[in-house]
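Undergrad: Can you keep this structure in mind? I'll have questions shortly.
The values are calculated or read from the model by the stated rules, or taken from the named source; none is laboratory data. No experiment lies behind these values; they were computed from the predicted model shown. Reconstructed Cβ throughout: ideal geometry from the backbone, glycine too, with neighbour counts over all protein chains shown. Calculation scope for accessible area: heavy atoms of the full protein, side chains included, ligands and nucleic acids excluded. Shrake-Rupley method; radii C 1.70, N 1.55, O 1.52, S 1.80 Å.
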Amino acid sequence: MKRDAMPRIPPEEKATFDLESGKYLVMWQGPQHPGITGNMSLRLVIEGDTVVDCETHVGYLHRGFEKLMERRLYMQNFPLVCRIAVPEPDFNEYCYAAALEELAGIEIPDKAVWLRTLSLEMIRLASFLMWIGGQAGAFGHGTIAQWSVTMRDYVLDLFEELSGGRIYHMYIIPGGVRGDVPKGFLQHVLETMDIIKKNLDDIELVMFHNAVYKMRAQGLGCIPPEWVDKYGITGPNARAAGVARDLRKDIGYLAYPRLDFQPLVGKVSDAYERSQLRLGEMYQAIDLIRQIVELMPKDGPFREKLPNPLYWKIPAGETYVAAECTRGEYGFYVVSDGSDKPRRIAVRGPSYTHAVSVMERLVRGVNIADVAGLMVSLHTYPPEIER
Amino acid sequence: MNELANELARRYGARDWHDQRPNLASVWVDAIRVHDSLAWLKDSAGYVHLSFLTAVDNIERKAFTLTYALRNHEKSHGLIVHCDIDRDNPTIDSIHLLWGQAWTYQRELKEWFGIDCPGSPRKDEEFVLEGWDAPPMMRRDFDSLAYSQATYEDRPGRESADPAAHMKQKLYPEASL
């Protein structure tokens, strides 16, 4: 069922509406709205209860990261980069650290490779748990959010034990990670994974077999496979359309080549299938975390010695380091001119495409009540647009 | 990848191919040929994915360096295409017909750097900086500190300190005496 027929007007071709005719209504959804992810705003033009036009507005939360970073020492940027994506800061830490290491010619120890992989998979799981609460809540299913946010808190407990921080960890640093695992930590990880897996079974039963959720999410916001390359769609939004691309497999960074997994793919990338695929990726993350705990070296160095961070100059050059975050391709483009401050840093977040070009196109023809559900199903996050 | 470098050089005069690592390379083309080279890379060389488009302000040589990051999924290879444009007349061909999301990046280039892409849809609309009335903020000669001091008031009681000196004093108090 394709409830929302393909919108005829692409977002770059702006439609005009006679707003004085009384036929249309301009309505702002956000930036303060329970149905908005992050502090973002949609300017909607409504005809009856159907959206006929949409513009994405960002810039309400974080602005100027890239400019700020040009004025600071490389190491001083660490407290900044993690804040670009609050639900999963570790991807910023990894991409930034890996880019600096590549430019400076630093090789990190094997233990640090595994600990970074563990950290990234744990935060993938935490971010998905937060997302699924929002997805269910957007369709009136508040109970799921209570369960999943509790489960996320269990993962944050693990991060607190590992790094001392719950939200911003600053665990991945140039040269490796900030510390080894505390005593008993890996056992806590395994026990927490058991609890979360049991909860995911409940969520699958209650949410994905719910008739109302099925009726509202199926056929909503269909992404055809040919849009994937046309709009630069990545992550679960692309995989749900049957395009099996996953940077963890394609690039094979960190310890992922040594782990046993395959990218999950769907057939019809509508809101329902995207959420099903993300649920599958949560199970996958649990499986990967268990593999990491089993395969990780139990001892050895976890950090390479670095120069004095106050006088650390990175050799001139440029690189682009990307990783597969929960929403797709996340990357840092770093240019060094040989000084102690970056010449240019550009952050590539998947929401840049998903929340603007794709969102503006998909939302046309959708019922106003489904806008929030559609937006959450794209898993958009505005700070990585305005950065 | 040498074949690709040679083909780009033959067709579009591309130069300075550099393998940053086995799965990432960069190459330079002239600005006037950047659109055609990107179209060829997308349609004939498998670089179908535009990861991002941005600019670097090389104020010392009075140029903006544009950076187009592409990806070939089949070969698992990334390619960064560079071109320089005049900083005093920053204009470049639009690529919005090649990739559906490129118009947003080009809107950002206009707002953040003042780089114009004629024909790019909605390029003059405000993007992140609503109500911005100062020069483009990502240019190197935009003084963000002076702008902030002229635009906002300091909170009373706040002390400013040079971060490097502050950290040096904190970490190495004996050395800073």
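Undergrad: Could you tell me which residue of segment B:54-72 is farthest from the other protein chains (Cβ to nearest Cβ), considering only residues that are more than 19 Å from A:Leu247 (Cβ to Cβ) and aliphatic (A, V, I, L, M)?
TA: B:Ala63
Undergrad: Return only the number of the condition from (1) farther than 26 Å from A:Lys67 by Cα; (2) assigned to a helix (DSSP H, G or I); (3) more than 10 Å from chain A (Cβ to nearest Cβ) that B:Leu109 does not satisfy.
TA: (1)
Undergrad: Could you please find all residues in segment A:170-207 being open to solvent by less than 10 Å² (accessible area, probe 1.4 Å), closer than 12 Å to A:Met122 by Cα and either among the aromatic types (Phe, Trp, Tyr) or in contact with a Phe, Trp or Tyr (Cβ under 9 Å, 6 or more places away or on another chain) (or both)? Give the steps one after another, and end with the answer.
TA: Within segment A:170-207, the first condition is being open to solvent by less than 10 Å² (accessible area, probe 1.4 Å), and the residues that meet it are A:171-172, A:174-177, A:185, A:189, A:193, A:196, A:200, A:203, A:207.
When the remaining residues are screened for being closer than 12 Å to A:Met122 by Cα, the result is A:189, A:193, A:196.
Passing the criteria: only A:Ile196.
Quick grid of which residues meet (1) polar (S, T, N, Q); (2) touching a residue at least 40 places away in the same chain (Cβ under 8 Å); (3) more than 15 Å from A:Lys230 (Cα to Cα):
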site	(1), (2), (3)
B:Val29	no, yes, yes
B:Leu38	no, yes, no
B:His49	no, no, no
B:Ala55	no, yes, yes
B:Gly78	no, yes, yes
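Undergrad: Taking the condition over 30 Å from A:Tyr253 (Cβ atoms), exposed (fewer than 11 other Cβ atoms within 10 Å of the Cβ), within 14 Å of chain A (Cβ to nearest Cβ) and modelled with pLDDT of 85 or more, does B:Leu129 pass?
TA: The answer is no for B:Leu129.
Undergrad: Can I ask one more? Looking only at segment B:26-50, which residues are assigned to a strand (DSSP E or B) and under 24 Å from B:Asp86 (Cα atoms)?
TA: Residues satisfying the conditions are B:Ser26, B:Val27, B:Trp28, B:Leu50.
Undergrad: Every residue in segment B:77-113 that is surrounded by fewer than 18 Cβ atoms within 10 Å (Cβ to Cβ) and over 18 Å from B:Ser37 (Cβ atoms), please.
TA: B:Asp86, B:Asp88, B:Asn89
Undergrad: Look through A:Ala372, A:Ala323 and report the one residue that is more than 10 Å from chain B (Cβ to nearest Cβ), of a type in the set (Gly, Ala, Ser), open to solvent by 10 Å² or more (accessible area, probe 1.4 Å) and within 30 Å of A:Arg245 (Cβ to Cβ). It would help to see each step written out before you state the result.
TA: Numbers: A:Ala323 fails: open to solvent by 10 Å² or more (accessible area, probe 1.4 Å).
Only one candidate passes the filter, namely A:Ala372.
Undergrad: Do we have any residue at all in segment A:290-297 that's open to solvent by 20 Å² or more (accessible area, probe 1.4 Å), without any contact (Cβ under 8 Å) to a residue 24 or more places away in the chain and in a helix (DSSP H, G or I)?
TA: yes
Undergrad: Restricting attention to segment A:41-54, which residues are acidic (Asp, Glu) and open to solvent by less than 20 Å² (accessible area, probe 1.4 Å)?
TA: Taking segment A:41-54 as the starting set, the residues that turn out to be acidic (Asp, Glu) are A:47, A:49, A:53.
Selection gives A:Asp53 alone.
Undergrad: I've got another one for you. Taking A:Arg43, is it under 23 Å from B:Glu111 (Cβ atoms), in contact with a His (Cβ under 8 Å, 6 or more places away or on another chain) and within 13 Å of another protein chain (Cβ to nearest Cβ)?
TA: Considered against the rule, which asks whether it is under 23 Å from B:Glu111 (Cβ atoms), in contact with a His (Cβ under 8 Å, 6 or more places away or on another chain) and within 13 Å of another protein chain (Cβ to nearest Cβ), A:Arg43 comes out as yes.
Undergrad: Here is a follow-up. Go through (1) out of contact with any Asp or Glu (no Cβ under 8 Å at 6 or more places or on another chain); (2) within 14 Å of chain B (Cβ to nearest Cβ); (3) open to solvent by 10 Å² or more (accessible area, probe 1.4 Å); (4) closer than 21 Å to A:Ala355 by Cβ for A:Pro257 and report which single condition fails.
TA: Only one criterion is unmet by A:Pro257, namely (4).
Undergrad: Anything in segment B:75-92 that is outside any strand (DSSP E or B) and β-branched (Val, Ile, Thr)? List them, or say none. Talk me through it step by step, then tell me what you get.
TA: Of segment B:75-92, the ones outside any strand (DSSP E or B) are B:75-76, B:87-90, B:92.
Across segment B:75-92, the qualifying residue is only B:Ile92.
Undergrad: Run B:Arg107 past the list (1) closer than 30 Å to A:Arg361 by Cα; (2) of a type in the set (Lys, Arg); (3) modelled with pLDDT under 85 and report the number of the one that doesn't hold.
TA: The single condition B:Arg107 does not satisfy is (3).
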